[in-house]
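To start, the structure itself, in structure tokens.
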Amino acid sequence: MVISLCHHPLFRQLAALGLDTRDYVVFGSAPMFAHNLTERLHDLDVVARGEALRYAETHGVPGTGSVTGDRLWKLCDGRIEVSERWVSPEWDTDDLISRAELIDGIPFAPLSDVLKYKLMLRRAKDGEDIRTLYRRTGAPTPPAE
């Protein structure tokens, strides 16, 4: 079940930036929130190109990604982080954006990509999300590491 996002402050802030939806995708855990698979949402991770990336570079506060060390830009008091790529070179920005799923007019990474990303990092905080995503897709839960 997909929920309406228009009342959530983070998505209102994102919409207020006026970014072209053809130039970014929301990744991280936000796609799970959009599909009502989690109630937790503290920030938005955005992968951008073109004008959306230039907006972030011009208006955002420069920072460094915690996983890759890549440059990123923080908008809306740091609650929206914009980067030029996702967590490793294997994630092609153009491909991610082209495969985005529009929910309430916002482009989100597909849940299959969210699962792949969380399996790649396997952080302690991702365990519950991984199990939830496996249940959602109907696949068996992976063996514990």
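The values are calculated or read from the model by the stated rules, or taken from the named source; none is laboratory data. Everything numeric in this text was worked out from a predicted model, so none of it was measured. In case anyone asks, the SASA skips ligands and DNA or RNA and just uses the protein heavy atoms, side chains included. Shrake-Rupley method; radii C 1.70, N 1.55, O 1.52, S 1.80 Å.
Show the residues, 5+ positions off or on another chain, whose built amide H is closer than 5 Å to the amide H of L72.
Under 5 Å from the amide H of L72: G63, T64, G65.
So how much slack lies between D70 and H42, counting 0.36 nm per residue of separation and subtracting their Cα-Cα distance, in nm? Please report the intermediate quantities before stating the final value.
Values: separation 28, 0.36 × 28 = 10.08 nm, distance 2.06 nm.
Result for the pair: 8.0 nm of gain on full extension.
Would you kindly derive the ³J(HN,Hα) couplings of the stretch 10-17 from the backbone phi angles with the Karplus curve 6.51 cos²θ - 1.76 cosθ + 1.60 (θ = phi - 60°), listing them in order in whole Hz, with x for Gly and Pro?
5, 6, 5, 5, 4, 4, 5, 5
Restricting to bridges with both residues inside the stretch 40-145, how much of the DSSP beta-bridge set is antiparallel, in percent to the nearest 5?
Working: 11 of 15 bridges.
So the antiparallel bridges in the stretch 40-145 amount to around 75 percent.
Largest first, how would K125, K116, K74 line up by accessible area (1.4 Å probe)?
Working: K125 135, K116 100, K74 75 Å².
My answer, sorted largest first, is K125, K116, K74.
With θ set to phi - 60°, apply the Karplus curve 6.51 cos²θ - 1.76 cosθ + 1.60 along the stretch 87-92 and write out the HN-Hα couplings as whole Hz, x wherever there is a Gly or Pro.
Residue by residue, the stretch 87-92 yields 5, 8, x, 5, 8, 7 Hz.
With all protein chains present, how much of the accessible area of the chain (probe radius 1.4 Å) comes from carbon and sulfur, to the nearest whole percent?
Numbers: 3830 of 7740 Å².
Summing carbon and sulfur atoms, their accessible area is 50 percent of the total for the chain.
Given a 1.4 Å probe and heavy atoms of the protein chains only, how would you sort D113, D45, largest accessible area at the top? Intermediate results must be reported in sequence, preceding the final value.
Numbers: D113 15, D45 35 Å².
The most accessible residue leads, giving D45, D113.
Under the Karplus relation 6.51 cos²θ - 1.76 cosθ + 1.60, θ = phi - 60°, what is the ordered set of whole-Hz ³J(HN,Hα) values for the stretch 66-79, x standing for Gly and Pro?
In residue order, the calculated couplings are 6, 8, 9, x, 5, 5, 8, 10, 9, 10, 6, 6, x, 7 Hz.
Ignoring ligands, DNA and RNA, what accessible area per residue does the chain give at 1.4 Å, in Å²?
On the way: 7740 Å² over 145 residues.
In whole numbers, the chain has 53 Å² accessible per residue.
Roughly how many Å² of S112 are accessible to a 1.4 Å probe, to the nearest 10?
Rounded to the nearest 10, the figure is 80 Å².
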